[in-house]
Structures are given as structure tokens and as C-alpha cells.
Amino acid sequence: MFSYHHPVKIHFGPGIFSELYHVLEPYNFSSFIIVMSNSQIDNGLDRLVASQFGDDVKDVVTGITPNPTLEDVRRIVTVMEEHEADCLIAIGGGSVMDAAKAAGAVYLQSIDINHLLEHTDFSESLPVIAIPTTSGSGSEVTPTSVISDEAHRLKVPLIGEGLYPEAAVVDPELTLTLPAAVTAVSGIDVICHALDCLGSAGHNTISDALAVSAAKLAFENLERAYHEPMNTGVRENMSGASLMAGVAVSQTGTAGSHAMSYHLTSHYDVPHGEACALTAGEWYIVNAGANLKLDDHARMIGFEDARDLKRGLDELKLATGLAMTIDDLGIDRGEMKAIVERGFEYRDMKNNIAQPDQAEVLKFLSEK
Ligand SMILES: [Zn+2]
């Protein structure tokens, strides 16, 4: 038995960003706070929004850190309190969207930011319109926001119905200016979402279908997006793959590869997608031992079986300049035991269909 509920309205299409005013007209919002990455200001997107919405834009918050912090959330909430806007528009990668989603919930539920990472009720939020400028996080369609506490070097995924954006506006053309390295780390995250979803205890018929399609599209297009940034067809395929993987994972949650990633990101500054990809292939094989369907899914994605899929993932990582081993990340091998121990503290770990012990995970991390 499974239930399926996905409340985010999705608007998708090349060039749709230049029609944003018309896309949002039916929502009847009257005043907006924009949260935007610095790179999109460099690309002139703030002027494009201002030209469409005029005085309805009350303020623009920029400078969100790559792993958004409590301080980023606090800055957005302060601006919201100043202007009492009725909608947040988040334009950027996963960091910008996650920060805006958390701020929307903090604002509407009057959550104490100092205790945000221990808070568990995220049932409501000011509406957020999420506009991704990378193909990877899927944050535009998920009920998750990953926030860091810099002082304690903690990275915590917040989860709740209220963290779903009101709408996602996905314009693949916004990804044309992405540098190759960002294309790689965000694009590989699409595959990690799809593989975690297929290997999750909560997988179902619908999430399986979306995850297989997303993984197939990403495997077929990521290397080309890396080498041919201005190829609109390839970028559109990556945006579609990211969206599908995001919808899939919104139903199942992420699993082992993500559990193992948070500590790598918060302690060693490894980009999120690269940190997940470090063990995603091994997790797929482990999970295939508990659910034989994962070999079938691997065939539908374009490989012979789970092991062949891992080999394909390794080839893709190599071709897109991503780390293959813990040594490539410059991390001392003596840290591996602690990395595994930290990984087992996250609920994502319990979401695997297979439940290996720490020694087994340490083994596959050591053998890399
Ligand atoms: Zn991810």
C-alpha cells in the first residue's frame, strides 16, 4: 500500500522566466521579497524581475552561502518582517531555495531561529515560488530544506509539508550560464536522488517510474551538458531529469548516499552532489541485494545490472571531474570511521531498503 501526494504546481518551459509575471498572475500575490544568488544578479535576473513586477518587489536578499546557514535564514526573515510581503520568490540553486523555504516557515510559524535545527513541526510557510537556476537539488518540488549551523559544524535536513514551495517555475534557459563544475556537482545529485529513491524503503510504483526516467535522462545528458553548456536540448533534458528526481524523492526521502554526504559537506566543504556521489554506486549495489528489482531498474536506465550501473556512474564521475575516492577529496583516511559514524546518525540511513552495519559501510568506503 502507498499514498501519493504532491502539492507543488509546476510550470516548465524554455524562456518561461521572461513570462514570470503572467505565470504568477493567477496566484494573486501583491508584494514579493526576492531571494537570489549573486551569480543571477550578475546575469541581470534581478532587473528582469523588476521590469515585470515593478513596485510589487519590496526587497532583494542576496549573498546566501553555498550551504545556507541559520544566519542566512535570519537575514531573509528580518527583511520579511520589515515589509510584510505575501510571497517569497527564490531564484537560484538548492542553497537559495532551501534558505527561502526555511525562512518562509520561520516567518509564518514564528519559529525561534536559534532552535530551528531542533524544530520538527514545519506544517506551514509563507508561499514560496521556487525558480531553480541549476539542474540538481530538486528543492523546487521537495518538502526539504537543508540548513547548516556553522558554529557547531552541523548540517540538518528539515522536513515538513509546509516546506513544499507553492509553485516551481523551471526554465532550462537559466542553466545555460552554469560553469562546468557546477553543472557536474548539481547534475550528479540528480542521479543520487534517483538512485536513493529506488533504494529507499518508501519507494513505490510512481516514484520508481519517475526515478528510472530521471536517472536515464541524467546518465544520457550530463556529460554533454558539462562539455556543451549552451546546448539547449541537453539543458532541457537535465532540467526535466532534476524535476522528476525531485518529485520522486519528495515521496520517498533520500537514503544512504545522502546520509553519508552531510558530514563530508559540513566538515570538509565537499559540494553536496559530489559528496553524495562518492558512495551512491555502492549503495545501489547494497540495496539491490535487498530488492532484486534494482537490477531491472538498472536495465531500464541503460545498464546490465546494479554493478554495471555503478561502473557507469564511476565513468561519468571521471568524465565530469568529480572525486572517485576519499583521497581525491583531500581527506585523511584516518577520518573514515568518524565519517561513517556520523552518517549513521541521520534518518536517511534508516531509509535504505538494505540495512548494512557500520563495518560494511566502512569497508566499501575504504576499498574506494
Ligand atoms: Zn541531494
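The values are calculated or read from the model by the stated rules, or taken from the named source; none is laboratory data. Treat the numbers as computed from the prediction; the structure is a model and nothing was measured. Glycine gets a Cβ as well: all are built from the backbone with ideal geometry, and neighbour counts include every protein chain shown. All accessible areas refer to the heavy atoms of the entire protein, side chains included, with ligands and DNA or RNA removed. Shrake-Rupley method; radii C 1.70, N 1.55, O 1.52, S 1.80 Å.
Could you rank Asp98, Asp42 by how accessible they are, 1.4 Å probe, largest area first?
Descending accessible area places them as Asp42, Asp98.
Largest first, please: the extent of the C-alpha atoms of region 69-219 along each principal axis, to the nearest Å.
That gives 45, 37, 30 Å along the principal axes, largest extent first.
Given charges of +1 on the Cβ of Lys and Arg and -1 on the Cβ of Asp and Glu, with all other atoms neutral, how large is the dipole of the chain about its Cα centre, in debye to the nearest 20?
700
How big is Rg to Rh over the chain, alpha-carbon atoms, Rh as the Kirkwood inverse-mean-distance radius?
Checking Rg against Rh, the ratio lands at 0.95.
Where the Cα atoms of region 134-269 are projected onto their three principal axes, how long is each span, largest first, in whole Å?
41, 37, 28
In the chain, what cysteines have no partner Cβ closer than 4.7 Å?
Cys87, Cys197
Using amide H atoms built in the peptide plane, which far-off residues or other-chain residues are under 5 Å from Ile10 H to H?
So Ile10 has HN proximity to Ala168.
Which FRET efficiency value, to the nearest 0.05, is calculated for Thr120 and Glu25 with the Förster distance at 35 angstrom and r the Cβ-Cβ distance?
Computed FRET efficiency for Thr120 and Glu25: 0.45.
What translational D, rounded to a whole number of µm²/s, comes out for region 323-368 from Stokes-Einstein when the hydrodynamic radius is the Kirkwood one over Cα pairs, at 37 °C and 0.692 mPa s?
For these conditions, the coefficient is 290 µm²/s.
Which order do Thr69, Thr232 take when ranked by solvent-accessible area (1.4 Å probe, heavy atoms of all protein chains), largest first?
In descending accessible area the options line up as Thr232, Thr69.
GNM on the chain, C-alpha springs below 10 Å: top fluctuator among Ala151, Ala194, Ala214?
Ala151
Can you give me the orientation-averaged projected area of the convex hull built on the Cα atoms of region 246-368, in nm²?
Approximately 7.4 nm², given one-decimal rounding.
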